[in-house]
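Heads up, the thing below is written out as structure tokens.
Derivation of every value follows stated rules applied to the coordinates shown; laboratory data play no part. None of these values were measured; they are calculated from a predicted model. For neighbour counting, all protein chains shown are included, and Cβ atoms are generated from backbone atoms with ideal geometry for every residue, glycine included.
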Protein chains: 2
Amino acid sequence: MDDIDKKILKRLQENARVTISVLSSEISLSMPAISERLKKLEASGVIKQYTAILNPELVDKQLMALVYLSFDNPSHGDSFKNFVVGESDIKECFYITGDFDYSLKIITQNTTTLENLLTRIKEQTGVIKTQTIVVLSSIIDRPSVTIE
Amino acid sequence: MDDIDKKILKRLQENARVTISVLSSEISLSMPAISERLKKLEASGVIKQYTAILNPELVDKQLMALVYLSFDNPSHGDSFKNFVVGESDIKECFYITGDFDYSLKIITQNTTTLENLLTRIKEQTGVIKTQTIVVLSSIIDRPSVTIE
DNA sequence: TGGTAAAAATGGATGATATTGATAAGAAGA
DNA sequence: TCTTCTTATCAATATCATCCATTTTTACCA
């Protein structure tokens, strides 16, 4: 991955719908050259996905919360993973160091839907401790890793 | 925003580089109609951004950490925000309820770069307490909010 | 250093895709 | 019912992406 690839990635992070012809003129490389590099970046897995970032308030997801939880023993990891994958309002799930085992980021409609989700979480077998923190405001929320 | 708009958004979340002609045939609506709806969704701010999600391991960002911090009084919010905006390894910064004032999600190169960033964070005026949690593994990491 | 093979870039032609403008269909309100 | 606004379609044009043959560049090794 050289400087040209980094320029392509940086541009696609800013705007994933940028055309190859625009990339071509900005980077001063022919369109087929850009196109081939892009295909390789996609095939190699450097680019995981192209996605549209939506405004949460405008699609009726007004509440963000962070939930931490612990299990009585580590054997419940697989079933918990299946649960988490099926809950579309759980946006992040990390296995972490510290007092808790997992951290979750939840983006949901309102306190009612949060309450229901928390109930489902606490019903998972092996969950012995949870802590919920409500996000009051988002200072920054950058997608993914960035190329310098 | 009707069902057709939701279909467009859902598809763009899956793949932000999907062409209008593909959307047109999938949704059974003419290309100009899709194009116009898309422009409106962009102009209204429902679509905040199109971005490429990169593989952190393949762009040399191997370490994720969650940092919590408190201020001695609320007056330092503005300067802290400026600081956070300038630190590209800080991916999320939320003002939160609970024992701490802010939560940060950091994606960085290694323990050395994390240490340096933590030092800079603790140097911010008014910071009286921090806690750092290292992410061991990511179970799920979904971008943004989703349309059902 | 010079020669060779592999990789990457270019240019022009072709095919696909997007936009424009004119027009028609459908819904809401007087 | 008529008007008006919105949203759709169609056809033409313009733009864009891909393909393929050729050239240039890079990397490697004698």
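Take each residue in B:17-30, count the other chain C-beta atoms within 10 Å of its C-beta, and the mean is 1.
Residue order for B:Ile8, B:Ile27, fewest other beta carbons within 10 angstrom first, comes to B:Ile27, B:Ile8. Among the listed pairs B:Lys7/B:Lys39; B:Lys39/B:Lys91; A:Lys61/A:Lys81, those whose Cα-Cα separation exceeds 18 Å are B:Lys39/B:Lys91; A:Lys61/A:Lys81. From least to most packed, judged by other beta carbons within 10 angstrom and beginning with the fewest, B:Asp78, A:Asp72, B:Asp101 follow the order B:Asp78, A:Asp72, B:Asp101.
Taking every alpha-carbon pair in region B:3-43 and binning the separations at 10 Å intervals from zero gives 32, 66, 2 percent.
Think of the axis that spins chain B onto A; the B residue whose C-beta lies nearest it, and the distance in whole Å, is B:Ala16, 2. Taking the empirical scaling 2.2 N^0.38 Å for compact globular proteins as reference, chain B has a Cα radius of gyration ratio of 1.36.
Summarised as an ellipsoid, region B:56-135 has semi-axes of 22, 12, 11 Å, derived from the eigenvalues of the Cα gyration tensor scaled by 5 and square-rooted, with the largest first. In the protein assembly as shown, the calculated helix contribution to ellipticity at 222 nm averages -11500 deg cm²/dmol per residue, counting -39,500 (n - 2.57) for every DSSP H run with n ≥ 4.
Roughly how far apart, in whole Å, are the Cα centres of region B:1-26 and region A:59-83? Between the Cα centre of region B:1-26 and that of region A:59-83, the gap is 30 Å.
Relative intensity of the protein assembly as shown on a log10 scale, I(q)/I(0) at q = 0.09 Å⁻¹, equals -0.50, per a Debye sum over C-alpha point scatterers of equal strength in the absence of solvent.
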